[in-house]
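Enquirer: What follows is a structure written as structure tokens; I'll ask about it next.
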Amino acid sequence: MIGYIAVGLSVFGFVVGLTLRLRVFLIFVGLVLIASIVYSIDAGFGFFRTFLNIMTAEAILQGGYFAGLVARSMFSRHGLWSTL
């Protein structure tokens with residue numbers, strides 16, 4: 001289950017990086033932060049495990065976003081972005 005969430009976060013970050021701007025991404029970063037905190041409290045995690053949960057979720061999301069930015073840059077560099 002957790003693996004599917006991680007893949008979903010990375011794909012979501014990739015799509016956001018490919019299509020949207022930084023301001024919209026910051027909203028999603030805040031939402032993932034809140035969701036991670038709620039999940040950690042519900043699961044009964046301590047402070048350190050909650051911290052690791054938040055950092056892992058945010059790193060996965062931001063890594064996907066970065067990959068989306070790189071892909072958008074490559075598409076626009078080679079003139080493919082206007083055809084999509």
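Enquirer: Any idea which of Leu18, Leu33 is more than 11 Å from Gln62 (Cα to Cα), at pLDDT 95 or above and surrounded by 13 or more Cβ atoms within 10 Å (Cβ to Cβ)?
Expert: Numbers: Leu18 fails: at pLDDT 95 or above.
Going through Leu18, Leu33 in turn, just one is more than 11 Å from Gln62 (Cα to Cα), at pLDDT 95 or above and surrounded by 13 or more Cβ atoms within 10 Å (Cβ to Cβ): Leu33.
Enquirer: What residue, among those in region 49-79 that are among the aromatic types (Phe, Trp, Tyr) and surrounded by 15 or more Cβ atoms within 10 Å (Cβ to Cβ), is nearest to the chain's Cα centre (by Cα)? So that I can check it myself, show each step before the final result.
Expert: The initial filter retains those residues of region 49-79 that are among the aromatic types (Phe, Trp, Tyr), namely 51, 65-66, 75.
So of that shortlist, the ones also surrounded by 15 or more Cβ atoms within 10 Å (Cβ to Cβ) come out as 65, 75.
On the way: Tyr65: 6, Phe75: 21 Å.
Here the residue is Tyr65.
Enquirer: I'm trying to understand the selection: among the residues of region 35-57, which are within 30 Å of Ser73 (Cβ to Cβ) and out of contact with any Leu (no Cβ under 7 Å at 6 or more places or on another chain)?
Expert: As a first pass, look at region 35-57 and keep what is within 30 Å of Ser73 (Cβ to Cβ): 35-36, 54-57.
Ala35, Ser36, Met55, Thr56 - these are the residues of region 35-57 that are within 30 Å of Ser73 (Cβ to Cβ) and out of contact with any Leu (no Cβ under 7 Å at 6 or more places or on another chain).
Enquirer: Still on this structure, I have one more. So, of the residues in region 36-48 that are surrounded by 11 or more Cβ atoms within 10 Å (Cβ to Cβ) and small (Gly, Ala, Ser), which turns out to be nearest to Val7 (Cα to Cα)? Walk me through it before giving the result.
Expert: From region 36-48, those surrounded by 11 or more Cβ atoms within 10 Å (Cβ to Cβ) are 36-37, 39-40, 45; that's our starting set.
If we keep only those that are small (Gly, Ala, Ser) too, we end up with 36, 40.
Values: Ser36: 15, Ser40: 19 Å.
Of everything passing the filter in region 36-48, Ser36 is nearest to Val7 (Cα to Cα).
The values are calculated or read from the model by the stated rules, or taken from the named source; none is laboratory data. Bear in mind that the values here come from a model prediction, so they are computed numbers and not experimental data. In this analysis, Cβ positions are derived from the backbone assuming ideal geometry, glycine residues included, and neighbour counts consider all displayed protein chains.
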